[in-house]
1. How many residues does the stretch D:26-38 hold that are more than 13 Å from D:GLY73 (Cβ to Cβ) and buried (at least 19 other Cβ atoms within 10 Å of the Cβ)?
2. Residue by residue through the stretch A:91-130, note down the ones that are farther than 20 Å from A:CYS35 by Cβ, free of Cβ contacts under 8 Å to residues at least 40 places away in the same chain and not in a strand (DSSP E or B).
3. Look at the stretch B:34-76 and say how many of its residues are hydroxyl-bearing (Ser, Thr, Tyr), under 11 Å from the mean Cα position of the chain (by Cα) and within 24 Å of A:GLY25 (Cβ to Cβ).
4. Out of B:ALA61, B:ALA22, B:ALA67, B:ALA97, which single residue is within 14 Å of chain A (Cβ to nearest Cβ), more than 30 Å from A:TYR74 (Cα to Cα) and among the hydrophobic types (A, V, I, L, M, F, W, C)?
5. From the list D:GLN50, D:GLN102, pick out the single residue that is within 14 Å of chain C (Cβ to nearest Cβ) and either crowded, with 24+ Cβ neighbours inside 10 Å or of a type outside the set (Val, Ile, Thr) (or both).
6. Would you confirm, using the coordinates I've provided, whether D:ILE117 is over 16 Å from the mean Cα position of the chain (by Cα) and under 25 Å from B:LEU138 (Cα atoms)?
7. Going by the structure shown, is C:GLU129 more than 10 Å from chain D (Cβ to nearest Cβ) and under 28 Å from B:ALA140 (Cβ atoms)?
8. Return yes or no: is C:LEU142 surrounded by fewer than 19 Cβ atoms within 10 Å (Cβ to Cβ) and assigned to a strand (DSSP E or B)?
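The values are calculated or read from the model by the stated rules, or taken from the named source; none is laboratory data. Only a predicted model underlies this, so the values are computations on that prediction, with no experimental measurement involved. Positions of Cβ are backbone-derived with ideal geometry, glycine not excepted, and every protein chain shown enters the neighbour counts.
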There are 4 protein chains.
Amino acid sequence: MDASRFEPQDPAFAERVRASFARQGAMGTIGAALCEIAPGRVTIELPWQQGLTQQHGFLHAGMVATALDSACGYAASTLMPAEAGVLTIEFKINLLAPAQGQRFRMEGVVVKPGRTITVTEGRAYALHEGREKLIATLGATLMTITGREGIQH
Amino acid sequence: MDASRFEPQDPAFAERVRASFARQGAMGTIGAALCEIAPGRVTIELPWQQGLTQQHGFLHAGMVATALDSACGYAASTLMPAEAGVLTIEFKINLLAPAQGQRFRMEGVVVKPGRTITVTEGRAYALHEGREKLIATLGATLMTITGREGIQH
Amino acid sequence: MDASRFEPQDPAFAERVRASFARQGAMGTIGAALCEIAPGRVTIELPWQQGLTQQHGFLHAGMVATALDSACGYAASTLMPAEAGVLTIEFKINLLAPAQGQRFRMEGVVVKPGRTITVTEGRAYALHEGREKLIATLGATLMTITGREGIQH
Amino acid sequence: MDASRFEPQDPAFAERVRASFARQGAMGTIGAALCEIAPGRVTIELPWQQGLTQQHGFLHAGMVATALDSACGYAASTLMPAEAGVLTIEFKINLLAPAQGQRFRMEGVVVKPGRTITVTEGRAYALHEGREKLIATLGATLMTITGREGIQH
């Protein structure tokens, strides 16, 4: 998943991603922080908290998906025009291991950018007792939205 | 998606689902409530809140997925033995329309129960200005876990 | 999955679907026949044959997917403009039971039509010793293509 | 997607995969050949043929999926016990570009092996006019089957 080959259309992509991320109420709720914003690649981290758990105390699959979907959506966004908005059409997640850990790192990378459709892949890692473990993979399909009031960035 | 044909193995399935749901920190965070618990079918509702949004103020796709995944997981759980735990192996969500509304209803139903693998389908509806609209479909594959410490219900 | 509420834009949708289906070499190879073409709904049938099997003699999951993808793609196509082409962006299939039988019926229905993106669902049934059994569900996302040379119908 | 870290349980995994592949009628129909069989990694190649096409003369998405599903299933199989059978529970495919080319190469690799559930990823490449292009990604979940008559290898 080498994203270095992608050229951004908008030189201010990182500021645009930060501003949009700050407007996502969900990111505040899950305690997520943007760690890396590169062309075609975005990384998000968050700590475990009780309010994100399923019944066994692991991170809820949906919360893993929430962070991965944002990482993938913003990875796609880095390659879009300045005025474009991005919407998730669909995503699919495989839970490889219980989301057990103190912290979690979510990577989203663009596999195939496109004018209308962008395909991305995400990987979630748990940091548990000093070891990092792959806990989930996600594939998301995003759509570039232009000229629609209220759907921007 | 007629779930009425399923016979629960555990007559106390509803109590079991309620107890497990109460332990999910994520359900508290998203303000979700269990509405219907029938064999092979569970419905969850939640109100809009700022802390669940993406950048345009709609419900974040991951939060829609969180509620749908729980609805599907508990729908599967209703048909499992009393001592079994349930884990999501994977799910896929299609976002059909922006998750715009005052309230949201998530339905999970079992398509195919199994000893090891159960396949479910979920549908998310937004209640917006008095009208209900289908906003997402989700398919989830669940695994029955037995005899593993810490993975129960 | 009630598709009766959809209005076709192109009154000649059925002829268009039949002509396109006839050009799919893959449909000839799998012995598929179009059974029903209604607005937002297409059904395809095929017999078992050795050339479609996996290692246990059941229909190969990919062959089930081939027929379901065509059923879903043509279901989407029935609601598209006369000059539009349709491309599959992605699909996901759940194999619920071994594809064992003498004949197979694939149903594709539109869940949500759209100008650019159409979401569909498919169900595959095996006819085995006189009984019909649900063996697979598929969800496909299709894109309407207009004005692109070589991508029509 | 580094599969080299996996240790096979069955030293005769390659012979087992070859024997099973030879029993898949579908592989003969699509003209597929096994190219690489390593622990956690299998590659399949096939030439274009008219009998595998969709309406524009590209490879049908379902045929791409057929080859990728086999590549992923056999990648999983390389890490399974000698007597185990493998069944696909589900897969999801993203079509990144039209499957246009003279030859196609399908890679399947194991992301996470497991006693019951194995998760794999596949990538399809088209060789078109001397250049290789990524045309599809697939994620498949496989189940290990043991002790069930008729479901072996």
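1. Of the residues in that region, 2 qualify.
2. Result: A:ALA97, A:GLY114, A:ARG115, A:THR116, A:GLU129.
3. Total satisfying the criteria: 2.
4. B:ALA22
5. Within the list D:GLN50, D:GLN102, the selection yields D:GLN50.
6. The answer is yes for D:ILE117.
7. So C:GLU129 fails the test.
8. no
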